[in-house]
Amino acid sequence: MKRSIYRLNSSTQNSHTVKTIRKSLCILNNQSVTGAEIMKIILIFLFIAPLALSARAEKDFSALDSAASPETKSRFAMLDDVRILANGLLQLGHGLKDFVHKTKGQMNDIFQKLYIFDKSFYELSLQTSEIKEEEELLRQTTARLQINNEEIKNLSQEMNLKIEDLIQNKIQLQEKVWGLEDKVTKLAITQPTVQETNEISSLKAFVERQDNHIKQLLKIVEDQHAQLDKQHNQIMELEDKLNHIELQELAENSFTGEHTEPEATPFFVHNSTAVTYKYEGAAPDCTALYNSGIQTSGTYTIKPNGSEAFDVYCEAKFGTSWTIIQNRVDGSLDFNQTWDAYAKGFGDLNEEFWLGLNKTYSITQQGDYILRIELQDWKDNKRYIEYAFDLKGPETDYTLQLSRISGSIPNALPEQTELRFSTADHDMAVINNFNCPENYLGGWWHSECEETNLNGKYVAPRSKGRLDRRKGLYWKPKKGRYYLLKSTKIMIHPTDLKSFD
């Protein structure tokens, strides 16, 4: 009786073991199984295997005691379960082997990548250290040369004073010589005494010594001037080297190192089945021209509502057309202009230009517009940023308010803040007695003299002269580094085409 109960319990345990094995095999066949889950499966099998083996031994023992046909069948059924258990353990072993090989390969890949990263970081650190050491050495050399230059200047001034004294002495001596010549002329008539002859000889010797001394001083002064010129040229070369190093650092700050958002296609997508608008006379902006059938980039005449007609450059892209209000590509146009020039506009619409605040304001008064800024650095990496914006009229100095919509570069312009446009001759917002436009060159919507100014001085990496970061064409996020820009483009597009119906 006890043995029957034990066989029943063993059969129940064996059935549960089979189910557990099957479940473990299903987990093992799953491609996403983790190392922790495999360790759990191993522990389960290590716990279950002794139970299964003990059950098998008990079944064999009970088979010897009983020759009944039902017992024999039960024994074969239990042997099948044991085979399943053995097969499961074999598959588990193969799975563990594959997992070990896969994990080992992944670890090798990680170690290789870490090695490459460490090597690159080490090389970059060495290059940075060398540049810093060279820059510090150049700065020290420049400081020493400047000190020597000051000393040489002081010495030159002293020598000039001495030369002036010698010239005065020479003039006096010449007067004495002329007087002696008169005396000699008189003596030619009358015979001079021995004392007068000795006096004349001594005076001649003294004059010759003074002349030789003056010639020596003049030669020393010429040598000093030549040395000053050489020192000045060395200082200029060192300043050019320092400037080149700073420009190289700025040019290396490309957009590639920044975390960027994926480039998104704007929501202005042209529909080929849309209605074609017809206008009497000129269209109100470039988007309206595109919808009327003119779908190529170029210079066209538009006439915003309530404004005079004027020419603009239209750029066709993203299935629509944008009105360009600023374009800079090579620095051929000087953007350090007056307030009147920024109000009316300047430049060539097919090259570099500023459309003009008056014209931009007349366009944006027709409805809601989006402002898009496209930037390119000196490694030809391109980024963009788009804003919803509100531009007020001349009575507020064309106050601008921005709200970022999207983009692939960190924002560098203040948001939700009223920014007044200002130039060097029309600065309405002097903050802490610091005249931003005069310092930054070029009109812009300045805010506390921030360092981003897309109308600033165009600076190329090979430019000569001392670099001043405050006067360059930069994009400078509030918590980021400088990006020296090669080209910029500012454009606008309406958000609601119904306003032009």
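Of the numbered conditions (1) surrounded by 10 or more Cβ atoms within 10 Å (Cβ to Cβ); (2) farther than 28 Å from Gln234 by Cβ, Thr141 satisfies every one except a single condition; which is it?
For Thr141, the exception is condition (2).
For the stretch 349-366, indicate whether the set of residues that are in a loop (DSSP other than H, G, I, E, B), at pLDDT below 95 and in contact with a helix residue (DSSP H, G or I) (Cβ under 8 Å, 6 or more places away or on another chain) is non-empty.
Yes, there is a match, as at least one residue in the stretch 349-366 is in a loop (DSSP other than H, G, I, E, B), at pLDDT below 95 and in contact with a helix residue (DSSP H, G or I) (Cβ under 8 Å, 6 or more places away or on another chain).
Quick check on my filter: what residues within the stretch 404-425 are assigned to a strand (DSSP E or B) and open to solvent by less than 40 Å² (accessible area, probe 1.4 Å)? Walk me through it before giving the result.
So in the stretch 404-425, the residues assigned to a strand (DSSP E or B) come out as 404-407, 419, 421-423.
Matches in the stretch 404-425: Ser406, Gly407, Leu419, Phe421, Ser422, Thr423.
Consider Ile147 against the criteria (1) aliphatic (A, V, I, L, M); (2) at pLDDT below 85; (3) open to solvent by 90 Å² or more (accessible area, probe 1.4 Å): it satisfies all of them except one. Which criterion is unmet?
(2)
The values are calculated or read from the model by the stated rules, or taken from the named source; none is laboratory data. None of the values given here were measured: they were computed from a predicted structure. Here Cβ is always computed from backbone atoms with ideal geometry, including for glycine, and neighbour counts include all displayed protein chains. Just the protein is used for accessible areas: all its heavy atoms, side chains included, with ligands, DNA and RNA removed. Shrake-Rupley method; radii C 1.70, N 1.55, O 1.52, S 1.80 Å.
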